[in-house]
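Structure, as structure tokens:
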């Protein structure tokens, strides 16, 4: 800090000043996203994605910006829902209480439903959708319901729908640059079914670090780099990888067919979604 700035702020001259960043970028830093080919999947109230590239890549499906290290750029995307949709379902559709055990109950029921949710497909566009379709008029849709279905089938279809929307993004990002390492972050990792469905549907392996809810950690780490206390590689010591989420190949053929149907379901109903908005 300069003498002039110190006089204006009351802080001591020479105090280090380090610029911060948005919460999602801090979260990405906290789980080791640094170099071209690194990708974060953030499981939060909405899902968010940050991929680091060596060059500026502009694509109308996604958002582009400088990243936090020299000679790095980011391509970003995000769903309009995620954990917020599971909250809505629990509150409005189940009658279960606000206690954490209610989500455990739903997960146990969903695990009794097989991959593919006994034929239910869900479009998770309950708040429109951000990337890659960028359609604020998109609507949620539950397709294939019968009297034979149970609550666990619907909840599994909801989680799988978020997984298919995530794959839609990951496939688009892979067209711009193939991910070298994928890191999972966010409070949604407390729901292991969600992250496992993403790996199964998208066919990706996700690295999980010791601390997965890390925007404050990422901000502190950036400040430490700015002050010369840390170097970027120190994140492996401060927040090491403790596990990986690998795809279950036994589910791949089912999810391949479902993913094609998921995309067709949106395309075939897009006009009707607009009609319902206008009415």
### Task
Kindly establish whether residue 217 is under 22 Å from residue 28 (Cβ atoms), under 13 Å from the mean Cα position of the chain (by Cα), in contact (Cβ under 8 Å) with a residue 40 or more places away in the chain and buried (at least 17 other Cβ atoms within 10 Å of the Cβ).
no
### Query
Give me the pairs: first residue in the stretch 149-169 and over 14 Å from residue 47 (Cα atoms), second residue modelled with pLDDT under 95 and assigned to a loop (DSSP other than H, G, I, E, B), beta-carbon distance under 8 Å, and six or more apart or on different chains, which are they?
151/94
### Query
Looking at the stretch 216-238, is at least one residue touching a strand residue (DSSP E or B) at 6+ places or on another chain (Cβ under 6 Å) and assigned to a helix (DSSP H, G or I)?
no
#### Entry: residue 173 vs. criteria in a helix (DSSP H, G or I) and closer than 26 Å to residue 205 by Cβ
yes
### Query
Within the stretch 1-37, can you find the residues that are closer than 30 Å to residue 87 by Cα and outside any helix (DSSP H, G or I)?
21, 22, 31, 32, 33
### Task
Scan the stretch 67-77 and give yes if some residue there is under 12 Å from residue 172 (Cα atoms), touching a residue at least 24 places away in the same chain (Cβ under 8 Å) and not in a strand (DSSP E or B), otherwise no.
no
### Message
Among the residues in the stretch 94-112, are any in a loop (DSSP other than H, G, I, E, B), buried (at least 18 other Cβ atoms within 10 Å of the Cβ) and either touching a helix residue (DSSP H, G or I) at 6+ places or on another chain (Cβ under 6 Å) or at pLDDT below 95 (or both)?
### Response
no
#### Entry: Conditions (1) under 20 Å from residue 197 (Cα atoms); (2) touching a residue at least 12 places away in the same chain (Cβ under 8 Å); (3) part of a loop (DSSP other than H, G, I, E, B): number failed by residue 89
(3)
### Task
Tell me which residues, restricted to the stretch 192-215, are farther than 16 Å from residue 242 by Cβ and outside any helix (DSSP H, G or I).
203, 204
### Message
Looking at 77, 84, can you tell me which residue is over 18 Å from residue 35 (Cα atoms) and in contact with a strand residue (DSSP E or B) (Cβ under 9 Å, 6 or more places away or on another chain)?
### Response
84
### Summary
Among 142, 159, 182, the single one that is farther than 24 Å from residue 75 by Cα, modelled with pLDDT of 95 or more and assigned to a strand (DSSP E or B) is 142
### Message
Take the residues in the stretch 131-153 that are within 22 Å of residue 96 (Cβ to Cβ) and in contact with a strand residue (DSSP E or B) (Cβ under 7 Å, 6 or more places away or on another chain); name whichever of them is surrounded by the most Cβ atoms within 10 Å (Cβ to Cβ).
### Response
140
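From the list 50, 29, 22, pick out the single residue that is out of contact with any strand residue (DSSP E or B) (no Cβ under 8 Å at 6 or more places or on another chain) and buried (at least 22 other Cβ atoms within 10 Å of the Cβ).
So the residue among 50, 29, 22 that is out of contact with any strand residue (DSSP E or B) (no Cβ under 8 Å at 6 or more places or on another chain) and buried (at least 22 other Cβ atoms within 10 Å of the Cβ) is 29.
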### Query
Based on what the data block shows, is residue 192 surrounded by fewer than 15 Cβ atoms within 10 Å (Cβ to Cβ), within 16 Å of the chain's Cα centre (by Cα) and at pLDDT below 95?
yes
### Query
Is it the case that the stretch 84-106 has a residue that's within 19 Å of the chain's Cα centre (by Cα) and closer than 17 Å to residue 214 by Cβ?
no
### Query
Out of 250, 261, 271, which single residue is surrounded by 12 or more Cβ atoms within 10 Å (Cβ to Cβ) and either out of contact with any strand residue (DSSP E or B) (no Cβ under 7 Å at 6 or more places or on another chain) or at negative phi (or both)?
261
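The values are calculated or read from the model by the stated rules, or taken from the named source; none is laboratory data. The structure displayed is predicted, hence computed values, not measured ones. Positions of Cβ are generated from backbone atoms using ideal geometry, with glycine treated the same way; all protein chains shown enter the neighbour counts.
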